[in-house]
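To keep things clear, I will list the structure first and then write my remarks on it.
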Amino acid sequence: MRLTNKLNIIIKFEDILRQLDFETAKIQLETEIMGTYNFFWKSKKSAKDSFEDNDKLIEVDEWFFGFGNRSRWGTLETDLLEEDIFSLEDFKYPVNK
């Protein structure tokens, strides 16, 4: 799967999230070579306005986003390691359309 396809998956998923009344959403991407990655979204509509620095969430206008294995509330269930952060071909969040 090329990087462009991965970006399109994130963009399309976020377009779906914009149409839903959701609290949290999670995608797990499993690959044969690169490993397994977790992507997490928490809506600002139902979320507290901020998180602790150790939660390592990225705030954008509509939600909080994070990598790693997370609880339903967005807190990390295990330490966020460098290899947990999806970084193929300089992937950066937020994804620009």
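The values are calculated or read from the model by the stated rules, or taken from the named source; none is laboratory data. Please read these numbers as outputs of a predicted model, since none were measured by experiment. Cβ coordinates were reconstructed from backbone atoms using ideal geometry, including for glycine residues, and neighbour counts include every protein chain displayed.
Find the residue count for the range 62-97, including only residues that are among the acidic types (Asp, Glu) and modelled with pLDDT under 85.
4
Does the range 10-39 hold any residues that are of a type in the set (Phe, Trp, Tyr) and under 22 Å from ASN96 (Cβ atoms), and which are they? Walk me through how you get there before you give the answer.
Step one: list which residues in the range 10-39 are of a type in the set (Phe, Trp, Tyr), which gives 13, 22, 37, 39.
Listed by number, the residues that qualify are PHE13, TYR37, PHE39.
When you check GLN28 against the structure, is it under 11 Å from the mean Cα position of the chain (by Cα), exposed (fewer than 15 other Cβ atoms within 10 Å of the Cβ), of a type outside the set (Asp, Glu) and modelled with pLDDT of 80 or more, yes or no? Talk me through it step by step, then tell me what you get.
Details: under 11 Å from the mean Cα position of the chain (by Cα): yes; exposed (fewer than 15 other Cβ atoms within 10 Å of the Cβ): yes; of a type outside the set (Asp, Glu): yes; modelled with pLDDT of 80 or more: yes.
For GLN28, the condition - under 11 Å from the mean Cα position of the chain (by Cα), exposed (fewer than 15 other Cβ atoms within 10 Å of the Cβ), of a type outside the set (Asp, Glu) and modelled with pLDDT of 80 or more - is met.
Among the numbered criteria (1) surrounded by 14 or more Cβ atoms within 10 Å (Cβ to Cβ); (2) modelled with pLDDT of 95 or more, which single criterion is violated by TYR37?
Every listed condition holds for TYR37 apart from (2).
Of the residues that sit in the range 62-84 and are among the acidic types (Asp, Glu) and touching a residue at least 40 places away in the same chain (Cβ under 8 Å), which one is surrounded by the most Cβ atoms within 10 Å (Cβ to Cβ)?
Initially, the range 62-84 is screened for residues among the acidic types (Asp, Glu), giving 62, 77, 79, 82-84.
Going one step further and asking which of them are touching a residue at least 40 places away in the same chain (Cβ under 8 Å), we end up with 62, 83-84.
Working: GLU62: 14, GLU83: 11, ASP84: 19.
Looking at the filtered set, the residue picked out is ASP84.
Output the residue which, of all residues in the range 40-51 that are under 19 Å from TYR93 (Cα atoms) and modelled with pLDDT under 90, is surrounded by the most Cβ atoms within 10 Å (Cβ to Cβ).
In this case the residue turns out to be PHE51.
Do we have any residue at all in the range 54-61 that's surrounded by fewer than 17 Cβ atoms within 10 Å (Cβ to Cβ), at pLDDT 85 or above and among the aliphatic types (A, V, I, L, M)?
Within the range 54-61 (the criterion being surrounded by fewer than 17 Cβ atoms within 10 Å (Cβ to Cβ), at pLDDT 85 or above and among the aliphatic types (A, V, I, L, M)), the answer is yes, since at least one residue qualifies.
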